[in-house]
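Below is one structure, written out as structure tokens; the observations come after it.
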Amino acid sequence: MFHMGWFLSNGFGVYGWNQQWSGNVAADVAQPGLFVDMATSLERAGFDYMMLEDSSVIPDIYGGNLEFATRKGTVRHDPMPLVPLLAAATSRIGIIATAATTFYPPFLAARLFNTLDHLSNGRVGINIVTASPHAAAQNYGLEKHIEHDLRYEMADEWMDLVTALWESWDADAVVMDEAAGVFADHTKVRRVDFEGRFYKSRGPLNTVPSPQRKPVICQAGGSPAGREVAAKHADTIIAAVVGVEAMKEYRDDISRRMIAHGRKPSDAKILFLVVPTFGDTDQEAHDRLDRQRAAAAADLEGALAGMSYTSGHDFSKFDLDGPFPDLTGKVNGHQSTYADYAKAGEGKTLREVASTRSVVESIELVGTPDTVAVQMKEAMEYAGGDGFLIAKPVTRRNITEIADGLAPALRRRGLIRSSYTYEHFRDNLLEY
Ligand SMILES: Cc1cc2nc3c(=O)[nH]c(=O)nc-3n(C[C@H](O)[C@H](O)[C@H](O)COP(=O)(O)O)c2cc1C
């Protein structure tokens, strides 16, 4: 059996507001309804989790101004207040929200996620990212963003500190002995007095231990430094590597790194990013994919803006018919994402890459729900990962295709769960 997640790639934001199936976005923007519908649908489908992406910036690298991003509706509301609303509508699915270790003070994050874990009855997770680009860092008062690998050293220490804070209360510290008038046993609550290279905190948390004590940790590092943090800390790792060989290499590499950290490879579930295209027949699905590809190829601007954001360099300045720009050693944003573009760009012009790479997906999935289920089974058997992360735009049409088309097809083959065994997120995630 494999695990399933959904990556909400625009976080608590806007998904295709002017597209054919995007619904009533004018009324829905910044409202929880669509996401609540999604949570209940994915729980019906037996998903392990939904993962809310986040960033704190309106990108202005492409073209050097805000025009493209504001025209396209590149906004993000804070995902944290949405979490309890999703939890209240569901009872088993895990809800992961993204927090940038570079900007979130560890005490604030530890306390927030402890509280969210209570409010969700043990179903919350954190996607730890080091964030990008410079403008995001400037929103938090920094001169510019911190160097890529140093950010991961900070993230590692950040994790040590938030973990120490979650453990500043023993699991059995709350006694609520009404007769003796003792709420908690003070010998089981302690300061952490953490003093690291980057962070300091006194502790303890002024909250009681939450159902999971420590929320599920999610990570998406692709570079060596990112993979190292993921292998050391994560319960689930999400990867956008391309092709079954790369998937296998990624799983093997993470397993090796986990063993070096004294962990079992089965302690972290790796989900690979996919963007399946469905139809009532295989032919219809292929026709739909062709139409989507043609639309993506026509949207050069969108591709260039995406490359600008992940690399931190303005791609509007490069010659479209020149070779794909070599920025090796000059990327402080999402290094491995740029490396994937560069690999695809070998021997090609920028125009060719921009018109072919609309989405990064691990394997191409296209056909009826039954066809796609078989494709997923075969890829997983070969690559040895733990499951898939759907990354389609959040529309009710896409949600229905997955929850009521793909999930039943997977379940008929015994590939996904038919019900949840446990109450808490981590227990279900690590069950198999
Ligand atoms: C599925 C997926 C989800 C991601 N979500 C976020 C996010 O919410 N916020 C963010 O700043 N970065 C996000 N990233 C970027 C990663 O944190 C990371 O920077 C990227 O994978 C490149 O790896 P590297 O930093 O090790 O070079 C995501 C990446 C992937 C593959």
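Step by step: first the residues of the range 326-342, then only those that are more than 10 Å from the ligand (Cβ to nearest atom) and in contact (Cβ under 8 Å) with a residue 12 or more places away in the chain, then the one that is least open to solvent (accessible area, probe 1.4 Å). Which residue is that? Walk me through it before giving the result.
Filtering the range 326-342 down to residues more than 10 Å from the ligand (Cβ to nearest atom) leaves 326-330, 341-342.
Going one step further and asking which of them are in contact (Cβ under 8 Å) with a residue 12 or more places away in the chain, we end up with 326-328, 330, 341-342.
Numbers: Asp326: 110, Leu327: 10, Thr328: 105, Lys330: 125, Tyr341: 27, Ala342: 29 Å².
In this case the residue turns out to be Leu327.
If the condition is being over 15 Å from Met38 (Cβ atoms), within 14 Å of the ligand (Cβ to nearest atom) and open to solvent by 10 Å² or more (accessible area, probe 1.4 Å), then the range 383-414 contributes only Gly385. Of the residues making up the range 111-155, just one is buried (at least 17 other Cβ atoms within 10 Å of the Cβ), acidic (Asp, Glu) and within 13 Å of the ligand (Cβ to nearest atom), namely Glu153.
Scanning the range 194-220 for residues that are over 18 Å from Ile126 (Cβ atoms), of a type in the set (Lys, Arg) and surrounded by 17 or more Cβ atoms within 10 Å (Cβ to Cβ) returns no hits.
Is there a residue being closer than 30 Å to Gly414 by Cα, away from the ligand (no atom under 14 Å from the Cβ) and out of contact with any Ser or Thr (no Cβ under 8 Å at 6 or more places or on another chain) anywhere in the range 47-61? For the range 47-61, residues closer than 30 Å to Gly414 by Cα, away from the ligand (no atom under 14 Å from the Cβ) and out of contact with any Ser or Thr (no Cβ under 8 Å at 6 or more places or on another chain): present. Scanning the range 169-210 for residues that are touching a Ser or Thr at 6+ places or on another chain (Cβ under 7 Å) and not charged (D, E, K, R) gives Val189, Val192, Phe194, Gly203, Pro204, Leu205, Thr207.
In the range 1-41, how many are away from the ligand (no atom under 16 Å from the Cβ) and part of a helix (DSSP H, G or I)?
If we filter the range 1-41 for residues that are away from the ligand (no atom under 16 Å from the Cβ), which is where we start, we get 1-2, 16-34, 36-41.
Next cut, part of a helix (DSSP H, G or I) only: 25-28, 33-34, 36-41.
Total satisfying the criteria: 12.
Those residues that are more than 9 Å from the ligand (Cβ to nearest atom) and over 18 Å from Lys264 (Cα atoms), I need them from the range 220-248; list them, please. Val242, Gly243, Val244, Glu245, Ala246, Met247 - these are the residues of the range 220-248 that are more than 9 Å from the ligand (Cβ to nearest atom) and over 18 Å from Lys264 (Cα atoms). In the range 259-281, the qualifying residues are those that are under 24 Å from Met50 (Cα atoms), assigned to a helix (DSSP H, G or I) and touching a residue at least 24 places away in the same chain (Cβ under 8 Å), and the one that is least open to solvent (accessible area, probe 1.4 Å) is Asp267.
Looking only at residues that are open to solvent by 80 Å² or more (accessible area, probe 1.4 Å) and in contact (Cβ under 8 Å) with a residue 40 or more places away in the chain in the range 344-363, which one is nearest to the ligand (Cβ to nearest atom)? For the range 344-363, the residue satisfying everything is Thr356.
Tell me whether the range 196-205 contains one or more residues that are among the polar types (S, T, N, Q), outside the structural domain of His334 (by TED's automatic domain parsing) and free of Cβ contacts under 8 Å to residues at least 24 places away in the same chain. Working first, answer last.
Taking the range 196-205 and keeping what is among the polar types (S, T, N, Q), we get 201.
Now drop any that are not outside the structural domain of His334 (by TED's automatic domain parsing), which leaves 201.
From what is left, the residues that are free of Cβ contacts under 8 Å to residues at least 24 places away in the same chain are none.
No, because not a single residue in the range 196-205 is among the polar types (S, T, N, Q), outside the structural domain of His334 (by TED's automatic domain parsing) and free of Cβ contacts under 8 Å to residues at least 24 places away in the same chain.
The values are calculated or read from the model by the stated rules, or taken from the named source; none is laboratory data. All of these numbers come straight from a predicted model, not from anything done at the bench. Here the Cβ is made from the backbone with ideal geometry for all residues, glycine too, and neighbour counts use every protein chain on show. Heavy atoms of the whole protein, side chains included, go into the accessibility calculation; ligands, DNA and RNA do not. Shrake-Rupley method; radii C 1.70, N 1.55, O 1.52, S 1.80 Å.
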